[in-house]
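K.L.:
I have a structure here, written as C-alpha cells, and I will follow up with some questions on it.
The values are calculated or read from the model by the stated rules, or taken from the named source; none is laboratory data. No experiment lies behind these values; they were computed from the predicted model shown. All Cβ positions, glycine included, derive from the backbone under ideal geometry; neighbour counts span all protein chains shown.
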2 protein chains.
Amino acid sequence: MSLDIVSQKPLDRLAAALAADLALVGSMIRDRMASEHAPRIPQVTAHLIEAGGKRLRPMLTLAAARLCGYAGPFHIHLAATVEFIHTATLLHDDVVDESARRRGRPTANLLWDNKSSVLVGDYLFSRSFQLMVETGSLRVMDILANASATIAEGEVLQLTAAQDLATTEAVYLQVVRGKTAALFSAATEVGGVIAGAPEDQVRALHTYGDALGVAFQIVDDLLDYGGSSEVIGKNTGDDFRERKLTLPVIKAVALSSPEERAFWVRVIEKGDQQMGDLEQAMAIMARHGAMAQARADAMTYAAQARAALSVLPDAPLRAMLEDLADFVVSRIN
Amino acid sequence: MSLDIVSQKPLDRLAAALAADLALVGSMIRDRMASEHAPRIPQVTAHLIEAGGKRLRPMLTLAAARLCGYAGPFHIHLAATVEFIHTATLLHDDVVDESARRRGRPTANLLWDNKSSVLVGDYLFSRSFQLMVETGSLRVMDILANASATIAEGEVLQLTAAQDLATTEAVYLQVVRGKTAALFSAATEVGGVIAGAPEDQVRALHTYGDALGVAFQIVDDLLDYGGSSEVIGKNTGDDFRERKLTLPVIKAVALSSPEERAFWVRVIEKGDQQMGDLEQAMAIMARHGAMAQARADAMTYAAQARAALSVLPDAPLRAMLEDLADFVVSRIN
C-alpha cells in the first residue's frame, strides 16, 4: 500500500501540473458525450469514463503540447479526442473479449448489452472525429486517422494470433503497437504538432509515446501472470484463460522442452485447461527466465522513452514525463 | 421478373454514366481494404463488398460531383469513404441485430464471428477517415464526421425504441435519418462541396439525399411486411420478429382498438409471438390502411427529393437522379 502511494507520485505530479487543462478536458468530455435523443449513450460512456481511469492518454497530449510551449485552445480538443478513442476501443474490446470486469467494475456489455457497447463505441469514435476536425489541422487528423487504423488492425491481428503457438515476438510487438502504443504515440505526437514544435521534437514525442506504450503493455501482460486482482482491477490469469500469446508465454514456448511444449499445445492451442494449469504455466515460465526477460525488455523500452525526450526543452514537464517512463515499469519491480 | 428488369433501369443508367469513375472507386476500395498483417480484414470486407451491393451511396457522391462539374480526383476518395462507412455500419448492424443473412448470403458474423465483425468494422471506419483526410477539405470532413455521429446515435435510439409501443413517428424519423438518410445526404452533399458548387446547390443536394434516404428506408420497412425473400434478400417479417417499431406498425398502433392494442402489447412489448401472429399483424395494418399511408409518405419524400434538384444544372445526370427518386418508391408499387 505504501509502495503503491510512492509509485503513484509521477502520475499525481503530472495531474497536478496539468490540473487546469484536465478540468477543461473533463468538461469537454461530459459536454460531447451527451446525446439529446439517446440517453443510453451518456449512461454507458459515463460508466466507463468516470470509473476512475487515470486519464493517462489525455495527460500525454496536454503535457506534450505544454512542453512545446502551446498557448492555444486545441490541446483540450485533442486530449478529449484521445480519451474518446480509448474509451471506444475499451467498449469494443470488452465485447470481443467477453469481459465481465474492467477497472474493478462490471463491464458495460454486462450491465447493458453487447449491442449498446458496439453502438456507443461507434458514437464515441464519431465524436472523436468531430473534435479533431474542429482543430482545423490536417496533419493532426492524418496522425489520428492512421492511429485508429493501426489500433483496429492490431486488434484483428491479436484475434487471429490468439491460440497460435507459432506467434513470434515480432507479431506480438505488432499487436502491442496496435492495441496500446499507436494511441500513446499519436497522443504525444499531436501535442507537439498542435504546438507547432520543430520536426525533431515531434519525432521525439512520437518515439517517446511509442516506447512508453510498448513498455506499458509488456508490464500489463506480465502483471496478468503476477499482480493480484486488487492492484490491476482484473483477474490474474485472464490472458491465460483467453489463450493469448503474450510476451512471457512466447519466450517460454521458444525455450520449452518437448514435454513442456505438449503442455502449451494442450492449454493454448486446444484450450483444454484444468485446475493447476495456470500454476504449471507460471512454473515453466519461471524455469526459463521468461518473466525476467520480458521484464528486461520492458525496462529497455522505458529507457528508450526517457532518452527520446532529450531534444525537448529541459522543463519540469519533461522531468515528469521521464519519471512516468520509470513509473510504468516500476509496477513490476 | 420483367417488372424487376424495368425498375432496375434508373440504377443501371446511373452505373453506365459513371462507369469509369465506378471502376476507380472499385480499385480504391480493393486497395484500401487490404491489410499487410491481418488477412482476415480483406476476407471479411470482400465478403460484404463483393456480395452484389448496388453501390448506391458511392454513385450518389459521384453523380453529385459530376453534375456540379467536378474534374478533380477526390470524388473517388469520397465515394470509397461513403462505401466504407456503409460497410462498417452493416458489419456492426448484423452483430447488433444477430442477423444470419444479408443480401441473400450468410452474414460475416455467422461465417467468422462477432469479434471479427466488430473489429473489421472499426478498421473500415478508420480507413474511411484516412480517405477523407486525403481530400484536404475540412468541410467534407466536418460533414462526414457529423453524419457518422448521427448514424451511431440513430442506431442507439433504434435500440432503445425497439419493443416500445409509445414510439412516435417523430422518433421513427430520427431513427431513419440516423440509420439511412444521414449517409445518403452526406454522400450527395460532399459531392457538391468537393466540386465547389454554389451554396444553394449544396443545400439542394443535401435535401435530395435526405429525402431520398427517408423514402428508401420507409420502402425497406414496408417490404419487410410484403416483399418475398427472393426480391429483398432478407426474410419477410424480420422486423416483426425483432419487435421493431417501423412506420406501418406505428400507424396501425395509433389507430388500434383495445383488442388490437392488446395484440401489439403481447407480440411487440412482451415478445410473446406465435404462429399466425405475423399474418394477424398484417391484417390489422391493412384494416387501418397503415401500409397505404406509409406508402403515401414514402412517395411524398420521393417527390421532395425530385423537386430539390431543380436548382442543379439541367443535365442527363440530374434526370437520372430524379428517376432514382421514383425508382426507390417503385419497389412498392
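K.L.:
From the list B:164, B:142, exactly one residue is at the interface with chain A (Cβ under 8 Å from one of its Cβ atoms) and surrounded by fewer than 20 Cβ atoms within 10 Å (Cβ to Cβ). Which is it? So that I can check it myself, show each step before the final result.
P.N.:
Details: B:164 fails: at the interface with chain A (Cβ under 8 Å from one of its Cβ atoms).
Exactly one residue qualifies, and that residue is B:142.
K.L.:
Cβ-Cβ distance below 8 Å, separation of 6 or more or different chains: which pairs start in segment A:180-202 with a residue that is at positive phi and of a type in the set (Gly, Ala, Ser) and end on one that is surrounded by fewer than 24 Cβ atoms within 10 Å (Cβ to Cβ) and not in a helix (DSSP H, G or I)?
P.N.:
Hits for this filter: A:196/A:68; A:196/A:70.
K.L.:
How about segment A:310-324: which of its residues are hydrophobic (A, V, I, L, M, F, W, C) and more than 17 Å from the chain's Cα centre (by Cα)?
P.N.:
Restricting attention to segment A:310-324, the residues satisfying the condition of being hydrophobic (A, V, I, L, M, F, W, C) are A:311-312, A:315, A:317, A:319-321, A:324.
Once the filter is applied, which keeps residues that are hydrophobic (A, V, I, L, M, F, W, C) and more than 17 Å from the chain's Cα centre (by Cα), segment A:310-324 yields A:311, A:312, A:315, A:317, A:319, A:320.
K.L.:
Then there's this: Output the number of the condition that residue B:68 fails; it satisfies all remaining conditions of (1) surrounded by fewer than 24 Cβ atoms within 10 Å (Cβ to Cβ); (2) touching a residue at least 24 places away in the same chain (Cβ under 8 Å); (3) touching a Ser or Thr at 6+ places or on another chain (Cβ under 8 Å).
P.N.:
That leaves (3) as the condition not met.
K.L.:
Residue A:172 passes all but one of (1) crowded, with 23+ Cβ neighbours inside 10 Å; (2) facing chain B (nearest Cβ under 10 Å); which number fails?
P.N.:
(2)
K.L.:
Out of the residues in segment B:107-139 that are more than 7 Å from chain A (Cβ to nearest Cβ) and outside any helix (DSSP H, G or I), which is nearest to residue B:79 (Cα to Cα)?
P.N.:
So, considering only residues that are more than 7 Å from chain A (Cβ to nearest Cβ) and outside any helix (DSSP H, G or I), the one nearest to residue B:79 (Cα to Cα) is B:135.
K.L.:
Let me ask something else about it. Taking interchain pairs and intrachain pairs at least six residues apart, which have beta carbon atoms under 9 angstrom, with the first residue in segment A:18-37 and within 22 Å of residue A:63 (Cβ to Cβ) and the second of a type in the set (Lys, Arg) and surrounded by 12 or more Cβ atoms within 10 Å (Cβ to Cβ)?
P.N.:
Filtered contacts from segment A:18-37: A:18/A:66; A:21/A:66; A:22/A:55; A:25/A:55; A:26/A:55; A:32/A:127.
K.L.:
Residues to consider are A:241, A:295, A:331; find the one that is closer than 22 Å to residue A:221 by Cβ, of a type in the set (Lys, Arg) and free of Cβ contacts under 8 Å to residues at least 60 places away in the same chain. Outline the logic, then answer.
P.N.:
Working: A:295 fails: free of Cβ contacts under 8 Å to residues at least 60 places away in the same chain; A:331 fails: free of Cβ contacts under 8 Å to residues at least 60 places away in the same chain.
Only one candidate passes the filter, namely A:241.
K.L.:
Please verify whether residue B:75 is in a helix (DSSP H, G or I) and within 11 Å of another protein chain (Cβ to nearest Cβ), treating the condition exactly as stated.
P.N.:
On the way: in a helix (DSSP H, G or I): yes; within 11 Å of another protein chain (Cβ to nearest Cβ): no.
No; evaluated as a whole, the condition is false for this residue.
K.L.:
Condition first: buried (at least 18 other Cβ atoms within 10 Å of the Cβ), away from chain A (no Cβ under 14 Å) and at pLDDT below 90. Now tell me which residues in segment B:1-46 satisfy that.
P.N.:
B:10, B:11
K.L.:
When you go through (1) buried (at least 22 other Cβ atoms within 10 Å of the Cβ); (2) free of Cβ contacts under 8 Å to residues at least 60 places away in the same chain one by one for residue B:211, which number turns out not to apply?
P.N.:
(2)
K.L.:
So, one more: Answer yes or no as to whether residue A:307 is more than 24 Å from the chain's Cα centre (by Cα) and surrounded by 13 or more Cβ atoms within 10 Å (Cβ to Cβ). Let's see the steps before the verdict.
P.N.:
On the way: more than 24 Å from the chain's Cα centre (by Cα): no; surrounded by 13 or more Cβ atoms within 10 Å (Cβ to Cβ): yes.
Against the criterion (more than 24 Å from the chain's Cα centre (by Cα) and surrounded by 13 or more Cβ atoms within 10 Å (Cβ to Cβ)), residue A:307 does not qualify.
K.L.:
Being under 14 Å from the mean Cα position of the chain (by Cα) and without any contact (Cβ under 8 Å) to a residue 40 or more places away in the chain is the requirement here; does residue B:177 meet it? Can you show your working first?
P.N.:
Working: under 14 Å from the mean Cα position of the chain (by Cα): yes; without any contact (Cβ under 8 Å) to a residue 40 or more places away in the chain: yes.
It is true that residue B:177 is under 14 Å from the mean Cα position of the chain (by Cα) and without any contact (Cβ under 8 Å) to a residue 40 or more places away in the chain.
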